Amino acid sequence: MGHPRQKVGEVLLEVSGVSLSFGGVKALHQVSFQARERELCAIIGPNGAGKSSLLNIVNGVYQPSAGTISFAGVQRKSMSPREAALGGIARTFQNIALFKGMSVLDNIMTGRDAKMHSSLLAQALYWGPAQREEMEHRCHVEKLIDFLQIEHVRKTPVGRLPYGLQKRVELARALAAEPRLLLLDEPMAGMNVEEKQDMCRFILDVNDEFGTTILLIEHDMAVVMDLADRVVVLDYGRKIADGTPEEVRRNPEVIAAYLGVPTEADREAVAEGAG
Amino acid sequence: MLYREAGQFKTSYRADQRIFPILQDRVVVGALLLVAFVAVPLWGSEYLVSALLIPWLILSLATLGLNILTGYAGQFSLGTAGFMAVGAFAAYGFQLRTPAVPLLLAFVLSGVCAAGVGAVFGLPSLRIKGMYLAVATLASQFFIEWLLTRVGWFTNYSSSGVINAQPMVIAGLAINTPPRRYLLVLAVVATLALAAKNLVRGRAGRAWMAVRDMDVAAEVIGIPMLRTKLSAFAVSSFYCGVAGALWVFAHVGSVDPQAFDLTRSLQVLTMVIIGGLGSVLGSFLGAGFIVLLPLFLPSVLSAVFGTALRPGLLPNIESFIFGALIIFFLIVEPQGLARLWQVTKEKLRLWPFPH
């Protein structure tokens, strides 16, 4: 897409030797990778490869059974989702996780909760500092609403919005926290072509304008190859490739994981067909 | 047509976030407040003030308290009456043992006592949800009732367990007539309702609703689960506590702990559901429905049937109709009277025109 690619900075996130098991099932096995500042890094892999589990470990929803994660220079083995959020990691979910009973505006304002400090009593009086704080954050949220072009629905309860817009509101809510690292779990799943194009544009803009590092899970290969600076490929909980989209595309292991390895019977069938 | 917003432009976020952004609402609410604060005390009959409005307002306050917890924060509770009892007996205790504390401050302190107790009994909410939590809060209901009955200190060792509220005096003015008691209750309830509205439209309310709608996402955003749930329990219990204190001091005058039994908790829960979960207005409508309807039904019934029925039959028919009405309203509008009002308002934007 003709982006200047000399944007990438220091290592922001480093996952090293992370394993995760659910009972006897090994969801992740010795996975290591890095994401650099302002990088747009995609994680791909067949269903059940452990992509979502990896995101859940990065933002503290799951605790790894082995391995460490270092974010912004701080190494740790486990942390709570709240600590991750306060540290500057925000995310969206595969299945939309918006607050259904609240308006678009309130949903996005919730994203700024960690940055607000007025006491319960001050809020009850809604006077002076509490009101000023509310207005300041509203201003910031309005900029995001503007950025993501959802002005027309700001007072609508999110439950009433179409799917594509809900995904956009969820992105806005994550951005409201001004994260350093943004985790997007299939932001384009279930969208039509136009909605996908819009979402791609927004993701690139976020990356460009706010300098946010983005870790993205996506199934649409065309999208991944176009957007990502770097691609990490998982298969059965192991990392099988890591590199630029070009490198990954040519990697034989990746091709095998996605298309399957031809067996003897396949070759015979192909030979018969040709004959 | 009646609710036309056209031409009412907002030029600041402050104007946009007012409680009543529409002019018509502000006019109606202003008129209602004028009637409530001026007309009713001047011309309201004693029956209207003491038997209808005072209990309605106090129970609205308790309903509002439970609504904050259940409607906004999504935590079920069957301990409402227990927290009301804490407020009632605390206010009595403050008046008895520290007479220097002014009455209104004693009410606030009794609310704070209830808030503390509520926060403690809210601790299980960190581990259990929904119906299971409701059962756990039953413990608070039974425990508080038992404690107030058994430990004589709370009732000042009264042999019957009944406490008699001390005469109310605010800044030298005795609050001893129905209009004065009514004004006191109205002022407290109006202030606390405003505070509740401020809380739920701001950061605290958003955090509560986030926990209610999707707690995992709320945690990932960085909303502290412990603080949010316990603050909901504390604020809710504060409201219930003040309502309990008002109930004794401004309404019944003397109670025993059994006045705040499980039936009362269930009554308040019914008010929340009928009025509408997650609505400040709904708390008042729900309480109004449950308090006022049983008072109007007899006169309506006797007007319809006259003397055709045996007198003993009438109360039974009342309960029948009352129950049927509750079911009817829940079927017509499961989200309560507040939602019904909202729908009406949306219709009134166009009415009487079709488009």
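Readers should treat all values here as calculations from the given coordinates under stated rules, not as data from a laboratory. In this text the structure is predicted, and so the values were computed from the model without any measurement. For neighbour counting, all protein chains shown are included, and Cβ atoms are generated from backbone atoms with ideal geometry for every residue, glycine included.
Looking across the stretch B:9-44, the residues that are more than 14 Å from chain A (Cβ to nearest Cβ), touching a Pro at 6+ places or on another chain (Cβ under 9 Å) and surrounded by 11 or more Cβ atoms within 10 Å (Cβ to Cβ) come down to B:V40, B:P41, B:G44. Scanning the stretch B:230-277 for residues that are within 14 Å of chain A (Cβ to nearest Cβ) and not hydrophobic (A, V, I, L, M, F, W, C) gives B:S231, B:S236, B:S237, B:Y239, B:G276.
Among the residues of the stretch B:113-127, are any in a helix (DSSP H, G or I), closer than 18 Å to B:V242 by Cβ and of a type in the set (S, T, Y)? No, the conditions are met nowhere in the stretch B:113-127. Here B:F94 passes the criteria (1) crowded, with 24+ Cβ neighbours inside 10 Å; (2) not in a loop (DSSP other than H, G, I, E, B) except the one numbered (1).
Scanning the stretch A:50-87 for residues that are more than 10 Å from chain B (Cβ to nearest Cβ) and assigned to a loop (DSSP other than H, G, I, E, B) returns A:G50, A:Y62, A:Q63, A:P64, A:S65, A:A72, A:G73, A:K77, A:S78, A:M79. Taking the conditions (1) more than 7 Å from chain B (Cβ to nearest Cβ); (2) out of contact with any strand residue (DSSP E or B) (no Cβ under 6 Å at 6 or more places or on another chain) in turn, A:I44 satisfies each one other than (2).
Set side by side, the residues B:V112, B:V108, B:V120, B:V86 differ, and just one is buried (at least 24 other Cβ atoms within 10 Å of the Cβ) and under 20 Å from B:S231 (Cβ atoms), which is B:V86.
Tally up the residues in the stretch B:201-211 that are more than 7 Å from every other protein chain (Cβ to nearest Cβ) and either crowded, with 22+ Cβ neighbours inside 10 Å or without any contact (Cβ under 8 Å) to a residue 12 or more places away in the chain (or both), please. Number of matching residues: 3. Looking across the stretch B:181-197, just one residue is more than 16 Å from the chain's Cα centre (by Cα) and either within 10 Å of chain A (Cβ to nearest Cβ) or charged (D, E, K, R) (or both), and that is B:R181. For the stretch A:223-275, the set of residues classified as assigned to a helix (DSSP H, G or I) and in contact with a strand residue (DSSP E or B) (Cβ under 7 Å, 6 or more places away or on another chain) consists of A:V224, A:L227, A:P245, A:V248, A:E253, A:V254, A:A257, listed by residue number.
Conditions (1) surrounded by fewer than 23 Cβ atoms within 10 Å (Cβ to Cβ); (2) part of a loop (DSSP other than H, G, I, E, B), marked per residue:
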| site | (1), (2) |
| --- | --- |
| A:P187 | no, yes |
| A:E194 | yes, no |
| A:D198 | yes, no |
| A:R201 | yes, no |
| A:I214 | no, no |
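Pairs are defined by a Cβ separation below 7 Å, a sequence spacing of at least 6 or placement on different chains, a first member in the stretch B:336-352 that is in contact (Cβ under 8 Å) with a residue 60 or more places away in the chain, and a second member that is among the aliphatic types (A, V, I, L, M) and loosely packed, with under 14 Cβ neighbours inside 10 Å; the pairs so defined are B:L348/B:L2; B:L350/B:M1; B:W351/B:M1; B:W351/B:L2; B:P352/B:M1.
Condition first: closer than 24 Å to A:Q131 by Cβ and more than 7 Å from chain A (Cβ to nearest Cβ). Now tell me which residues in the stretch B:219-229 satisfy that. The answer is B:R227, B:T228. Restricting attention to the stretch A:109-152, the residues that are touching a residue at least 40 places away in the same chain (Cβ under 8 Å), in a helix (DSSP H, G or I) and within 10 Å of chain B (Cβ to nearest Cβ) total 4. Screening the candidates A:E218, A:E133, A:E195, A:E170 for the property of being of a type in the set (D, E) and touching an Asp or Glu at 6+ places or on another chain (Cβ under 7 Å) yields one hit, A:E218.
Please enumerate the residues belonging to the stretch A:88-108 that are without any contact (Cβ under 8 Å) to a residue 40 or more places away in the chain and in a loop (DSSP other than H, G, I, E, B). Hit for the stretch A:88-108 is A:N95, nothing else. Scanning the stretch A:145-171 for residues that are in contact with a strand residue (DSSP E or B) (Cβ under 8 Å, 6 or more places away or on another chain) and of a type in the set (S, T, Y) yields a count of 1. Put simply, of B:V332, B:V291, B:V280, B:V304 the only residue that is of a type in the set (A, V, I, L, M, F, W, C) and touching a Pro at 6+ places or on another chain (Cβ under 7 Å) is B:V291. Being under 30 Å from A:G67 (Cβ atoms) and under 18 Å from the mean Cα position of the chain (by Cα) is a property that holds for A:G88.
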